[in-house]
Amino acid sequence: MGEINADTAYVGGVKIAKQEFAEIVRENGDVFAQSDFDGIVGLAYPSMAAYNFNPLFDNIMQQKLLDRNVFSFYFSRQEGSRSSELTLGGWDTDHFQGELHFHNVVNKYYWLLDADNILVNGQDVGLCKHGCKVVADTGTSLLTGPSDDLYDLLDTLNIDENCKNAKELPKLTFVLDGINYDLDANDYVMKIDSQGNEIAYDTFASIDSFVEMGANCQCVGSFMPLDIPSPQGPAWILGDTFLSKYYSVYDRDNDRVGFARAK
């Protein structure tokens, strides 16, 4: 339970006046007490916002605080690193390599994009019949998909919980506007230790070390079923599993999302 208040918000050197926010005054459970964050900043389109209030970035736009109404995310894959970065007003070429490819937003609610296909080892296995929708969302930790399709994908991947087939697991590819965005096994498989904690990505020097890491570990796919209702859904969510491999740019001036291979 809570109330709507407003205050001046600061993000780096950007000062946003009269930013409305929901202030929690009573919480059932201890989600925020147990987490390393104190709240959630929505960066989707204002049509998603409650009570017709303006999200933070829309106030930035209305107050003309940036030369370009663009923001970008880089996620470090190293445990304890402080190099992850939100860039306002553009993107940071130091954090990605190769070309930045842009894809048009098709529904201004989520950052919703059209996908041509979803491939497993380059093969169409029926996960994206006649095209499908994908959402770029930094607030979702895993990759999500419509329940039936997601379970079909898990059956196709057949991830061994003892990690015995990690070397043989196929490449998963999201195809957008003819551009292939590949995820390998060490991108979409989490390794869990005997206490239930994820073993950090940078622990593994190679896929061989990934396989050999401790007999008491378990391999788990970084996937979750989620049925997004119409008209936005059904859709897949490209969460942090995807966005830690691909630098992402969110362009409100041109309503498009850009991806490039993160360094």
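The values are calculated or read from the model by the stated rules, or taken from the named source; none is laboratory data. Note that the structure is a prediction, hence the values are computed from the model and not measured. Here the Cβ positions follow ideal geometry from the backbone for every residue, glycine too, while neighbour counts run over all protein chains shown. When the accessible area is computed, the model is the full protein with side chains, heavy atoms only, and any ligands, DNA or RNA have been set aside. Shrake-Rupley method; radii C 1.70, N 1.55, O 1.52, S 1.80 Å.
Before moving on, here are some points about what is shown:
- Net charge of the neighbourhood of Ala6, taken over other residues with C-beta under 13 Å away and scored Lys/Arg +1, Asp/Glu -1, is -3.
- Neighbourhood charge, 15 Å Cβ-Cβ cut-off, centred on Ala33 and excluding it, Lys, Arg +1 and Asp, Glu -1: -3
- Angle in degrees between helix 147-157 and the longest Cα principal axis of the chain, rounded to the nearest 10: 40 degrees
- Summary: within the chain, the longest segment free of GluC sites (Glu not before Pro) located in DSSP loops with at most 11 other C-beta atoms within 10 Å is 162-263.
- For Leu112, residues with placed amide H under 5 Å, excluding near neighbours: Val106, Asn107
- Charged-residue dipole, Cβ positions (Lys, Arg, Asp, Glu), the chain about Cα centre, Debye nearest 20: 620 debye
- Environment charge of Ala185, counting only residues whose C-beta is closer than 9 Å and scoring Lys/Arg +1, Asp/Glu -1: -1
- When the helices of the chain are scored as -39500 (n - 2.57) per DSSP H run of n ≥ 4 and the total is divided over every residue, the value at 222 nm lands at -3000 deg cm²/dmol.
- Based on the reciprocal of the average 1/r between different C-alpha atoms, the Kirkwood radius for the range 35-159 equals 17.6 Å.
- Met61-Asp184 FRET efficiency (beta carbon distance; Förster radius 45 Å; 0.05 resolution): 0.75
- Rounded to the nearest whole Hz, the Karplus-based 3J(HN,Hα) values (6.51 cos²θ - 1.76 cosθ + 1.60, θ = phi - 60°) of the range 231-238 follow the sequence x, 6, x, x, 7, 8, 10, 8, with x at glycine and proline.
- Cysteines in the chain lacking a second Cys C-beta under 4.7 Å: Cys217
- The three principal axes of the Cα atoms in the chain give end-to-end lengths of 55, 42, 37 Å, sorted in falling order.
- Proximity of backbone amide H atoms, modeled 1.01 Å from N, is registered between Leu238 and Val135, Ala136, Asp137 at under 5 Å, excluding neighbours fewer than 5 places apart on the same chain.
- Built amide H within the under 5 Å cut-off of Arg256, gap 5+: Val105, Asp251
- Restraint check, Lys164/Lys245; Lys64/Lys108; Lys15/Lys245; Lys15/Lys133, Cα-Cα greater than 26 Å: Lys15/Lys245; Lys15/Lys133
- Backbone HN-Hα couplings from phi across the range 83-90 [Karplus 6.51/-1.76/1.60, Hz, Gly and Pro as x]: 8, 4, 8, 9, 10, 9, x, x
- Here Phe73 sits with roughly 30 square angstrom of accessible surface, probe radius 1.4 Å.
- A dipole drawn for the chain from +1 and -1 charges on Cβ atoms has a positive end, and of Thr87, Ile159, Phe259 the residue lying farthest that way is Thr87.
- In order through the range 29-37: 3J(HN,Hα) via Karplus (6.51 cos²θ - 1.76 cosθ + 1.60), integer Hz, x for Gly, Pro: x, 10, 3, 6, 5, 8, 9, 8, 9
- Computing FRET efficiency as 1/(1 + (r/R0)^6) for Ala6 and Asp160, where r is the C-beta to C-beta distance and R0 is 41 Å, gives about 0.20.
- Carbon + sulfur, % of accessible area of the chain - ligands and nucleic acids excluded, 1.4 Å: 45 percent
- 1.4 Å probe accessible area per residue over the chain, in Å²: 55 Å²
- The Rg/Rh ratio for the range 114-205, using Cα coordinates for both the radius of gyration and the Kirkwood hydrodynamic radius, is 0.97.
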